[in-house]
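Taking it in order: structure first as structure tokens, then the write-up.
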Amino acid sequence: MAAMGHLGDPYALRSVTDLPPPFRSVFGFRYFNSLQSECFPACFLSDANMVISAPTGSGKTVLFELCILRLLSRFLSSELRFNLIQGTLKTIYIAPMKALVQEKLRDWNMKLGSLGINCLEMTGDNEFYNIKSIHDADLILTTPEKFDSVSRHGIRDGGLGFFSDIALVLIDEVHLLNDPRGAALEAVVSRIKMLSRLGTMTSAPLANVRFIAVSATIPNIEDIAEWLAVPPEGIKRFGEEMRPVKLTTKVFGYAPARNDFLFERRLQSFIFDILMQHSRGKSALVFCSTRKGAQEAAQCLSQTASSLGYSNPFMKSMQQYEHLKEAALTCSDKQLQACIVHGVGYHNGGLCLKDRSVVEGLFLKGDLQILCTTNTLAHGINLPAHTVVIKSTQFFNKEKGLYVEYERSMVLQMCGRAGRPPFDDTGTIIIMTRRETVHLYENLLNGCEMVESQLLPCAVEHLNAEIVQLTNPQHYGIKKEIPRELLEKQMKDICVEKIHELGEYGLIWTDEDGFLLKPLEPGRLMTKFYLKFDTMKLIVKASACCTLEDLLHIICHSAEITWIQLRRNEKKALNDINTDKEGRLQFHVVGANGKRKKRIQTREEKIFVLVNDCLTGDPLVRDLSLNQETNSICSNGCRVAKCMREYFKYKKNYKSAISSMLLAKCLHQKLWESSPFLLKQLPGIGIVTAKALKTAGIDSFESLATADARKIESITGRNFPFGDNIKSSLSSLCPKLDINIEDAGNRQGKSTIIVTLTRLSQAVGSSKQNYADMVVGSEEDNVILFHEKINPYSVKLYVPCPPNARATLKVDLIFEEYAGLDVHKKHVISREDLQVTKVFGIKKAELLYNLPAESCLVNSRTTRTNQSQYHNGQSTLSKEVCVIEDDAGANAPDKADNDLEILGTREYNNLASLEVPSFTLLPEEDYEENEDIGQSVWTRPKQSACR
């Protein structure tokens, strides 16, 4: 590499030919610009950590690509042939927004695909990856929150073995550290740094991990350099002279109004004059804080423009007018139609996808000159403009109940839409704010705002994550202005305060002196499911006897969805849904008198109504924005419900555990168990098809299995082979199962209870594995006696029972994925000195749904009876039940443990003639089983407090 040209002149532009031949095709130009050329030696000819501060649009992405190629140069042979060993050297790219991650993914797939580089997106929008795909990836693109979530659990047990292969970390928009969301980025980088120093990583690429961080212009770049251990030659600072588009920035301050709402309305009257002065004849984006604000701003500008007639400044030609008039006719939103014909549009999440596409296309072509939008557009599609106007720097924060300033990264993202190449050679940024905050935004635009750590407000969540991982929380930073002699005391005080909070709610254990820390199961669950501390507090304080409705209220108050607001224009629709004249909803918002409320008044009540409407299977909500919020409620609520499921199993609270298992599944499927549209769970069946089938009496898996395929096609108006495909999709369901609880007589003066899981059918031709929770509980004591997550093709049971005179034993088989298939049984025991044995029970598999007409039980009451509607005839199934009785089980827990272990691995000698089924447990990284199923002696706990 020493032979590469221009090494003598540090100011000469570097040529792409200075790269090895296999890498030259990555770039579509011949010469690097001046910024890239100056950074070329540090990026491509060294392995030093770097921090680069430069204006938007100056070409910083190329610096990332040079660093990636530097890492890939390790695969070059002496003849400069490129031989990639996939997945052995990983690059992690971290960006603050999913849109930026996805943009880079498309770009680098095209540029690096010819080299065989495997790129993997790891964001909330892409859950289609597994451990193997992560291990095979060469370039992982992610957001701070997602990578924090992924890396919070699994490091110590090998689930994140790929960490040792990380050799390069690229941090885009590192000034995000100054925002509240920056805490996740700080935690992730600190975790990587800490792991790189472990003795076990000495020979791994992670031991010499390289950090490259780029940002907009910031004054304290040295602080970030110190944090990332960047040498002096790796610090690069560039000013506005590197910006390819000359930007003019203006910050206008206005006198406050009587309240913040009126201030927002007042600013609308200034927008037209500002556009005439700074953007006449040029495209402009006007960012507003709310959807309604964007619509009102567009209507105000449209009315002003229409009053000028032929002098409309937003209309350049008659051809433009014809295009707009034609496009307006295709819009479904009437207000948008009226605005578009005058050269003004608005864009927000309340518009349907078709209308948004129309608006975006018109703006990109230049037919639509002014576009009023919300800040979400700054994250999405690239719609640059000559002028960007930010109408007010505040938005209403529902959590705090007041107007607050935008995050700095949001303001910079909006400003980044102004004059971006190659669309313009000049640009204008105008910020409209209050007089007292003018200096803040002048400093921000001029690169004078200091970047400070934002870890402290959410330190408790990250501290808990590090305790769970048994890592060192002291790698987190403290503000630099604190004198060095006080740093240790300051850090200790913060840690002690947060540790006390975690210990108070039972998330961790500490000794009396606070020197020893140990993670407890609730703390592990909070980390595993990436929940906020406030949400975990609600779960810990929940009753042991929660109903589905109680758990729904917890989800409605969870911190993960506090961003959802109650808008005035939504109240009528929500009130109508809660009135529920047709009796659709399972639960309603009720007042203090227990009657349904006529008016929805809070954010939590809105969430409760939306989720209940959704779970009917046929929601009345049609508004696009409400649908988006409902989807978020269900996805976040499912995560919270899964955490509650694991927590209540850990606490052995039977009623709350069953409720949370059911709720997690229902939120995942967006269907109650009692919904008449359960068939929507099958691929190819939507609400229209499900309604048509229901009208014809086909509203269950059983009735669908017996229906004629041609009849299904006739009912739904679909063509052949739709009916055959739908019926074949039943093979993905779990096999039909039954539970039998019966007395098995006495042995040596002790009664034996046999619990048998019987397979009545088996899915044919499906490789899909279905899992279920087998739970046995005592109704009187509300305690879980036995729990195991099983694959229903086999089962293992060991159930201790209470030695009291009367007990109600409840057995639940709850399938993880599909709603409407669970089995619940109840059995009353009325003898003394009972003992339950370990039982295997299984019937030989038959063809799908080849069942007897009715499943009967001995000495048990069926909570949900299973009537077979498949065949008139009955098939005789031979039942093989393996019963192992432990005479000394009550006094030998160790022996019971050993028996369980042996049963799972090999047959007993005295059972050689019987077919003992094997059992399958879920991988440990997916489910953590904490039940002590080997305990043979059961003592009655204190009565659970059920409120």
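The values are calculated or read from the model by the stated rules, or taken from the named source; none is laboratory data. Here the structure is a predicted model, which means the values were calculated and not measured. In this analysis, Cβ positions are derived from the backbone assuming ideal geometry, glycine residues included, and neighbour counts consider all displayed protein chains.
Assorted remarks:
So that you can scan it fast, the table gives a plain yes or no per residue for (1) outside the structural domain of Leu626 (by TED's automatic domain parsing); (2) surrounded by 17 or more Cβ atoms within 10 Å (Cβ to Cβ); (3) within 21 Å of Cys634 (Cβ to Cβ):
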position	(1), (2), (3)
Ala559	no, yes, yes
Thr562	no, yes, yes
Gln565	no, no, yes
Lys572	no, no, no
Asn593	no, no, no
Lys598	no, no, no
Glu604	no, yes, yes
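- Filter result for Ile117 (at pLDDT 85 or above and under 21 Å from Ser215 (Cβ atoms)): no
- Test result for Ala3, modelled with pLDDT under 95 and surrounded by fewer than 15 Cβ atoms within 10 Å (Cβ to Cβ): yes
- Applying the criterion of being of a type outside the set (Ser, Thr, Tyr) and buried (at least 19 other Cβ atoms within 10 Å of the Cβ) to the residues of region 121-133, the residue that is modelled with the lowest pLDDT is Met122.
- Long-range neighbours under 8 Å by Cβ, at least six apart or interchain, first residue closer than 20 Å to Leu66 by Cα within region 213-225, second among the basic types (Lys, Arg): Val214/Lys60
- Residue check for Phe64: in contact with a helix residue (DSSP H, G or I) (Cβ under 6 Å, 6 or more places away or on another chain) and of a type in the set (Phe, Trp, Tyr): no
- Note on region 633-663: among residues that are under 22 Å from Val621 (Cα atoms) and in contact with a helix residue (DSSP H, G or I) (Cβ under 7 Å, 6 or more places away or on another chain), the one that is surrounded by the most Cβ atoms within 10 Å (Cβ to Cβ) is Leu663.
Residues are listed down the side, and each one gets a yes or a no for (1) modelled with pLDDT under 90; (2) among the small types (Gly, Ala, Ser); (3) more than 17 Å from Ala418 (Cα to Cα):
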site: Thr304; (1), (2), (3): no, no, yes
site: Leu308; (1), (2), (3): yes, no, yes
site: His323; (1), (2), (3): no, no, yes
site: Glu326; (1), (2), (3): no, no, yes
site: Ile340; (1), (2), (3): no, no, yes
site: Gly343; (1), (2), (3): no, yes, yes
site: Tyr346; (1), (2), (3): no, no, yes
site: Lys354; (1), (2), (3): yes, no, yes
site: Asn382; (1), (2), (3): yes, no, no
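This table checks each residue for (1) assigned to a helix (DSSP H, G or I); (2) in contact (Cβ under 8 Å) with a residue 60 or more places away in the chain; (3) in contact with an Asp or Glu (Cβ under 8 Å, 6 or more places away or on another chain).
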| position | (1), (2), (3) |
| --- | --- |
| Met661 | yes, yes, yes |
| Lys665 | yes, yes, yes |
| His668 | yes, yes, yes |
| Ile685 | no, no, no |
| Thr689 | yes, no, no |
| Lys694 | yes, no, no |
| Glu702 | yes, yes, no |
| Asn719 | no, no, yes |
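- The helices (runs of 4 or more DSSP H) found wholly in region 531-599 and carrying at least 2 residues that are in contact with a His (Cβ under 9 Å, 6 or more places away or on another chain) occupy 533-540, 571-579.
- Within the option set Met526, Met536, Met491, being at pLDDT below 85 and surrounded by 15 or more Cβ atoms within 10 Å (Cβ to Cβ) holds for one residue only, Met491.
- Where strands (runs of 3 or more DSSP E) fall wholly inside region 32-137, the ranges with 2 or more residues that are touching a residue at least 60 places away in the same chain (Cβ under 8 Å) are 50-53, 90-94.
- Where Tyr771 falls short, out of the listed (1) crowded, with 20+ Cβ neighbours inside 10 Å; (2) at pLDDT 70 or above: (1)
- Taking residues in region 274-299 that are closer than 21 Å to Glu360 by Cβ, and partners anywhere that are of a type in the set (Gly, Ala, Ser) and at pLDDT below 85, the pairs with Cβ atoms closer than 6 Å and at least 6 places apart or on different chains are Arg291/Gly350.
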